[in-house]
Amino acid sequence: MKRSGNPGAEVTNSSVAGPDCCGGLGNIDFRQADFCVMTRLLGYVDPLDPSFVAAVITITFNPLYWNVARWEHKTRKLSRAFGSPYLACYSLSVTILLLNFLRSHCFTQAMLSQPRMESLDTPAAYSLGLALLGLGVVLVLSSFFALGFAGTFLGDYFGILKEARVTVFPFNILDNPMYWGSTANYLGWAIMHASPTGLLLTVLVALTYIVALLYEEPFTAEIYRQKASGSHKRS
């Protein structure tokens, strides 16, 4: 385009919009952009803060604790100690719930003890966080009702097996909706608090679930394979 006051002088887009530091969108290194975003978030976080350390410990410990159920599947010692696989499963579920409450408490305290990000402290961001929190609650509760109490709390490791794979909502739209619903809860909670610390801890929550699934899904599949094999032999 040309300036009306000087017909012979062309003005480029970069001179109108400002200098193009990236040389055009095609030249953006998105890996570098992701690194910049992470660096900016880390600038708000004190990793040595006791509340942050406590949150990291509780987030990473919970999936490790679930290995008690794997040990039970191999030994049946909890079922024998409680006299019933159901009582053993319910007892373990109480400790898992308490640890989940502790994790959420530490997560919140870590956010409250560290700075907020002004660019996230807006009504639009708060509404987005609230929507994510609502989505997470729907996924978690619907998963719980679909699986039942024992199914939710690793009952298959205690020999309390479903007759068939659960395929009703939300399992018909998403694999592992309980885990991703929980992740959405933490993400929404972090955004509502405009907390970079909460966002980083949410990434850790997602990573621990991903790692847990690498071990949990093959193990659970093997349990049901053995069940199907036993049923086939009896028939």
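The values are calculated or read from the model by the stated rules, or taken from the named source; none is laboratory data. The model shown is predicted, which means the values in this text are computed figures rather than measured ones. Heads up, the Cβs are rebuilt from the backbone with ideal geometry, glycines too, and the neighbour counts pull from every protein chain shown. Quick note on the areas: whole protein, heavy atoms, side chains included, nothing else; ligands and nucleic acids left out. Shrake-Rupley method; radii C 1.70, N 1.55, O 1.52, S 1.80 Å.
Scan segment 129-235 for trypsin sites (Lys or Arg not before Pro) in coil per DSSP, keeping those whose Cβ has at most 15 other Cβ atoms within 10 Å, and list them by number. Intermediate values should be presented prior to the final figure.
Numbers: sites: Lys162, Arg165, Arg225, Lys227, Lys233, Arg234; in loops: Lys162, Arg165.
Passing sites in segment 129-235 are Lys162, Arg165.
Residues of segment 41-57 falling in the label zone of Glu118, defined by backbone nitrogen less than 20 Å from a point 7 Å along Cα to beta-carbon, are 41-46. Across the accessible surface of segment 36-98, with the other protein chains kept in place and a 1.4 Å probe, carbon and sulfur atoms take up 72 percent. Descending by average beta-carbon neighbour count within 10 Å, the peptides 181-189, 152-160, 195-203 line up as 195-203, 181-189, 152-160, the highest first. Rolling a 1.4 Å probe across the protein heavy atoms gives segment 125-189 an accessible surface of 50 Å² per residue. Ligands, DNA and RNA left out, the 1.4 Å accessible surface of segment 99-235 is 67% carbon and sulfur atoms.
Selection among Tyr209, Thr167, Ser143 by position relative to the dipole of segment 113-235 gives Thr167 as farthest towards the positive end (Cβ unit charges, Cα centre). For segment 154-202, the Kirkwood hydrodynamic radius comes to 13.0 Å, computed from all pairs of different C-alpha atoms.
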